[in-house]
1. Within segment 62-103, which residues are touching a Gly at 6+ places or on another chain (Cβ under 6 Å) and modelled with pLDDT under 95?
2. Report yes if P140 is modelled with pLDDT under 85 and surrounded by fewer than 16 Cβ atoms within 10 Å (Cβ to Cβ), otherwise no.
3. In segment 78-104, how many residues are more than 16 Å from T153 (Cα to Cα) and in a loop (DSSP other than H, G, I, E, B)?
4. Name the single residue that is nearest to E186 (Cα to Cα) among those in segment 154-172 being basic (K, R) and surrounded by fewer than 18 Cβ atoms within 10 Å (Cβ to Cβ).
5. Answer yes or no: is there a residue in segment 7-30 that is at pLDDT 55 or above, exposed (fewer than 14 other Cβ atoms within 10 Å of the Cβ) and not acidic (D, E).
6. Which residues, taken from segment 106-117, are touching a Ser or Thr at 6+ places or on another chain (Cβ under 8 Å) and either modelled with pLDDT of 80 or more or not in a strand (DSSP E or B) (or both)?
Amino acid sequence: MKPIKSNRHVTIGMRVVVVLFLFLTAGESFAQRVDVDFDRDVDFSKYKTYAFTEGTPTPVTLTNQRIEKAIDAQLAAKGLTRVESNADLTVVFHCSVTERTQFSTRNLDGWGWGPGWGWRRGWRRWGGGGTEITEVEQIPVGTLIVDIGDSSTKRYIWRGTATKTISSKSDKNAKVIDNVMKKMFEKFPPQGKR
């Protein structure tokens, strides 16, 4: 009969790989990401007014109102005026919620992952090992897209996209919306043709 080989080194190696994966994905799942793109052939200085049109709102009415108010504040700060008809620009926003998986591993007892300490001959090995538990959690992630189009040509000329985890606290989400809009409209309107 063949002796059974220990796979302890494989187990430790797998734990290290899992922890590295968790560190890399955890940072990504909580990160706020904001991207902006625009038509470089458009002179944005000619636009003076804007109006909203229906997009893809969230099912939460108050969140939609907060988003629209935050966009209004940013465009007003840039010198644009909101009108009900005959606007130079058409503004529309789209929202979606997806879920990302997050893994959390914690040690319940023992000394951790090491192979242990002590003498190999004559002394009993001690330490090392331990029991870990990995929890899997689904984190809601919201994506917000703001499209701005030229009303006369019916072409989109600017797009802002933001992705961020959604909190269960509405006041925290309201602050996130304001911060995302500030970052998104930071360099709006783009200066001249590029």
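1. The initial filter retains those residues of segment 62-103 that are touching a Gly at 6+ places or on another chain (Cβ under 6 Å), namely 90, 92-94, 97.
Within segment 62-103, V97 is the sole residue that qualifies.
2. Numbers: modelled with pLDDT under 85: no; surrounded by fewer than 16 Cβ atoms within 10 Å (Cβ to Cβ): yes.
Criteria not met by P140.
3. Of the residues in segment 78-104, 5 are more than 16 Å from T153 (Cα to Cα) and in a loop (DSSP other than H, G, I, E, B).
4. Pass one, segment 154-172, residues basic (K, R): 154-155, 159, 164, 169, 172.
Checking the rest, the ones that are also surrounded by fewer than 18 Cβ atoms within 10 Å (Cβ to Cβ) come to 154-155, 159, 169, 172.
Working: K154: 25, R155: 22, R159: 13, K169: 26, K172: 21 Å.
Among them, the one singled out is R159.
5. Let us first name the residues in segment 7-30 that are at pLDDT 55 or above, namely none.
Looking for residues that are at pLDDT 55 or above, exposed (fewer than 14 other Cβ atoms within 10 Å of the Cβ) and not acidic (D, E), one finds none in segment 7-30, hence no.
6. G110
The values are calculated or read from the model by the stated rules, or taken from the named source; none is laboratory data. Here the structure is a predicted model, which means the values were calculated and not measured. Note: ideal-geometry Cβ built from the backbone for every residue, glycine included; neighbour counts use all protein chains shown.
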